[in-house]
Amino acid sequence: MTDRDDKPKLTRRELLRRGLQAGGVVVLAGGTAGLISEAVAGKGDTVWQLDPDKCVKCGNCATRCVLDPSAVKAVHAYEICGYCELCTGYFDPKATELTTAAENQLCPTGAIVRTFKKDPYYEYSIDEELCIGCGKCVDGCERFGNGSLFLQVRHDRCVNCNKCTIAPACPADAFRRVPADQPYLLKTR
Amino acid sequence: MTSTRHAGIILILLMLLSGAATADLRFPTPELDEPLPETTTPEPRQGIWRHIEYVDAAVLAGAIVAASWFAFKRRSRRGIAVVMLLSLFYFGFYRLGCVCSIGAVQNAALSIGGDGYAVSFPIIAFLLLPLFGTLLFGRTFCGGVCPLGAIQDVVALKALKIPRPIEAGLSLFAVAYLAAAVLLAFSGTVFLICRFDPFVSIFRLVPVGKWIEQVAMGEAGRVSFSVAGRVDLLILGGVMLLVGVFVARPYCRYICPYSVLLRPLSRLSKWHVTITPDECVQCRLCENSCPYNAIEAPSAPDPGRHFGKLGLSVCLVLWPVMIAAGLCAGWLAGPAVSRTDHHVRLAEHLRRADAGEETDHDLAAAYDRQPLGADEIHAIAGRVRSRVRHGAMIVGGFVGLVAGMRLVRWSVRRRRPDYVPDRGTCLSCGRCFEVCPIERKRRNDAAASAGEDG
């Protein structure tokens, strides 16, 4: 890159310039070709998702997302749920009675809706407008229940950041890019 | 009291139901009269929004062409500024600053690093279009398209002149930043550029895009402020803009990792904007018009060959010293950098736990949930540590190499008869056009001839 130009040797300088210019074009074209071959070999568009089997319910999903409230929400795999009357994902361990009163609920925002189905079964569903993705219910359900509640990135909210801001903060390495046409990692039977 | 009672109830329930329960579930699923609800899975993006990144790439190409056209053909600062503000709105406030060309460097690094991630076509376009554009027209992308540059350009009201040695020293930070960002992205841990992007949180403060989409869909628009744990970045962005009032575009000049790629390409560019449309009359009027310190005065009379030789030889001796210093710094920084890796963090946790020290509760839980044994984790962590340390040394050596190269460049005298933009640092913003008397004459002539025609 050191060009000696004490004397006005314009032709030599111009030659050098042209040469470097051509070099630049070659490098960029090579880079383009390399990256395009990467992209062709890849599986196309990806989105962020978290693996519920790795998740440790640390609470970072609620606080580290660029959105407020977080794009991570608790979701419910109904086919795994025991429809327990005493749901440890719904009730605070310190609950004095099994009613829907706020002080008995584990959820800090009251986002879990409890509906009576038939004796002794209750259905639990998530009001995603209220859920902040803190994972308290997920922890409760997994500790004592079937583990039917789990966290997922909700793609109707997620803005698909280039690098998810929750991912580096996740202590369990649970976040990864998944193909956009299979955007969920659901729990099933 | 109550919690123990409940735990007791659960235990009894468990024992009662264990016979009936399926093998993998603690509690049996009920026989309900109605079908069970499905777990909802809202799609990533609906309809036309699904491919909006391709639209973004097209807008980017269009904006670079438009900014270059205004810079070369119209020589209009106003035109460049309009393109700049439109891109600030589109890429910044509407598309929330993601993906951007600066960050795309990391996607390319991660893709080559290979953990199953592959860059997509729009991201390749974001990375390469400005590079090709710069090779043709100089840094018109920086001056007229980049939303990060644009938000700083708007506040650059009282630009002070930064002494050249300080300017050169500070801009070395960008080299280190690029090298570190590529290293970390390559290893698949952190996207450093995104993590410390000072302006993206400002773009996202008011979700304009969401509002526009809501109104376009015929819903009632609802605007809510959103900070979401990005307070540190908002402060960083605020400070950067405040500094930017006095030091024009501080991010672009001293921090932007992408500029490290754009500078040499701009030096080689096929065309580059000129201050004057005709011959320079050395009136010195443009000298202070550049807020970015990118206009170089005609070279001073030659101080003598002896002085130049001495300077050059000192720089050539310092060059290897700088590379060695960079290698050492990398070697020292290696362990700290490796702590961004998941397995290194797990290994650290295991070491602390073995030593009976306090350790992180969540890491302990994460360790319990993964299949590897302690020895395997220590082995993986060891490999990562040594790889990262080598990588950090490459980064440090690279920074030393570039620093030395710039020093040598600096000590080599160049002949400049006129006032010219420094091709590396000029952002093609067009501010100097307005002050050039030759340019003014050209405009008056053009206006006069247009008047005659009319």
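No lab work stands behind these numbers, since they all come straight from the coordinates. Computed from a predicted model, the values in this text were never measured in an experiment. Using ideal geometry, Cβ is built from the backbone for each residue, glycine included, and neighbour counts are taken over all protein chains shown.
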| request: Scan (1) touching a strand residue (DSSP E or B) at 6+ places or on another chain (Cβ under 6 Å); (2) within 30 Å of B:VAL145 (Cβ to Cβ); (3) not β-branched (Val, Ile, Thr) for the single condition B:HIS51 breaks and write down its number. | output: (1)
| query | What number of residues in segment A:95-142 are part of a loop (DSSP other than H, G, I, E, B), aliphatic (A, V, I, L, M) and surrounded by 15 or more Cβ atoms within 10 Å (Cβ to Cβ)? | reply | 6
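Here is a yes/no grid of residues against (1) out of contact with any helix residue (DSSP H, G or I) (no Cβ under 7 Å at 6 or more places or on another chain); (2) surrounded by fewer than 17 Cβ atoms within 10 Å (Cβ to Cβ); (3) over 17 Å from B:ALA174 (Cβ atoms); (4) more than 14 Å from chain A (Cβ to nearest Cβ):
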| position | (1), (2), (3), (4) |
| --- | --- |
| B:ALA379 | yes, yes, yes, yes |
| B:ARG385 | no, no, yes, yes |
| B:ARG389 | no, no, yes, yes |
| B:VAL402 | no, no, no, no |
| B:ARG406 | no, no, no, no |
| B:PRO421 | yes, no, yes, yes |
| B:LEU427 | no, no, no, yes |
| B:ARG431 | no, no, yes, yes |
| request: For segment A:53-68, name all the residues that are surrounded by fewer than 21 Cβ atoms within 10 Å (Cβ to Cβ) and either more than 7 Å from chain B (Cβ to nearest Cβ) or β-branched (Val, Ile, Thr) (or both). | output: A:ASP53, A:GLY59, A:THR63
| field | Condition met for B:ARG263 (under 24 Å from the mean Cα position of the chain (by Cα), among the charged types (D, E, K, R) and closer than 24 Å to B:LEU129 by Cα) | value | yes
| From the list B:ALA63, B:ALA58, B:ALA71, which residue is without any contact (Cβ under 8 Å) to a residue 40 or more places away in the chain, in a helix (DSSP H, G or I) and among the small types (Gly, Ala, Ser)? | B:ALA58
| Is there a residue being aromatic (Phe, Trp, Tyr), within 20 Å of the chain's Cα centre (by Cα) and on the phi < 0 side of the Ramachandran plot anywhere in segment B:66-78? | no
| said: Please go through segment A:171-182 and give me each residue that is surrounded by fewer than 23 Cβ atoms within 10 Å (Cβ to Cβ), assigned to a loop (DSSP other than H, G, I, E, B) and more than 7 Å from chain B (Cβ to nearest Cβ), ordered by number. | reply: A:ASP181, A:GLN182
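Tell me which residues, restricted to segment B:96-109, are assigned to a helix (DSSP H, G or I) and more than 9 Å from chain A (Cβ to nearest Cβ). Give the derivation first.
So in segment B:96-109, the residues assigned to a helix (DSSP H, G or I) come out as B:101-109.
Within segment B:96-109, B:SER101, B:ILE102, B:VAL105, B:ALA109 meet the criteria.
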| note | Only one of (1) within 10 Å of chain B (Cβ to nearest Cβ); (2) touching a residue at least 40 places away in the same chain (Cβ under 8 Å); (3) within 16 Å of A:GLN49 (Cα to Cα) does not apply to A:LEU151, and that is (1)
| remark: Looking across segment A:14-52 at residues that are surrounded by 15 or more Cβ atoms within 10 Å (Cβ to Cβ) and among the polar types (S, T, N, Q), the single one that is farthest from A:GLY135 (Cα to Cα) is A:GLN21
| task | Of the numbered conditions (1) under 30 Å from B:GLY404 (Cα atoms); (2) surrounded by fewer than 24 Cβ atoms within 10 Å (Cβ to Cβ); (3) in contact with a Lys or Arg (Cβ under 7 Å, 6 or more places away or on another chain), B:GLN214 fails exactly one; give the number of that condition. | result | (1)
| said: Going residue by residue through segment B:260-267, is there one that turns out to be touching a residue at least 12 places away in the same chain (Cβ under 8 Å), in contact with a strand residue (DSSP E or B) (Cβ under 9 Å, 6 or more places away or on another chain) and crowded, with 21+ Cβ neighbours inside 10 Å? | reply: no
| field | Total residues in segment A:154-170, condition buried (at least 23 other Cβ atoms within 10 Å of the Cβ), within 7 Å of another protein chain (Cβ to nearest Cβ) and among the β-branched types (Val, Ile, Thr) | value | 0
| Which numbered condition B:PHE132 misses (of (1) away from every other protein chain (no Cβ under 11 Å); (2) outside any loop (DSSP other than H, G, I, E, B); (3) hydrophobic (A, V, I, L, M, F, W, C)) | (1)
| Members of segment B:137-165 that are part of a loop (DSSP other than H, G, I, E, B) and touching a residue at least 12 places away in the same chain (Cβ under 8 Å) | B:GLY138, B:ARG139, B:VAL145, B:CYS146, B:ALA156, B:LEU157, B:LYS158, B:ALA159, B:LEU160, B:LYS161, B:ILE162
| message | If I ask for residues that are touching a Gly at 6+ places or on another chain (Cβ under 6 Å) and basic (Lys, Arg), which ones from segment B:250-280 would you list? | response | B:ARG263, B:ARG267
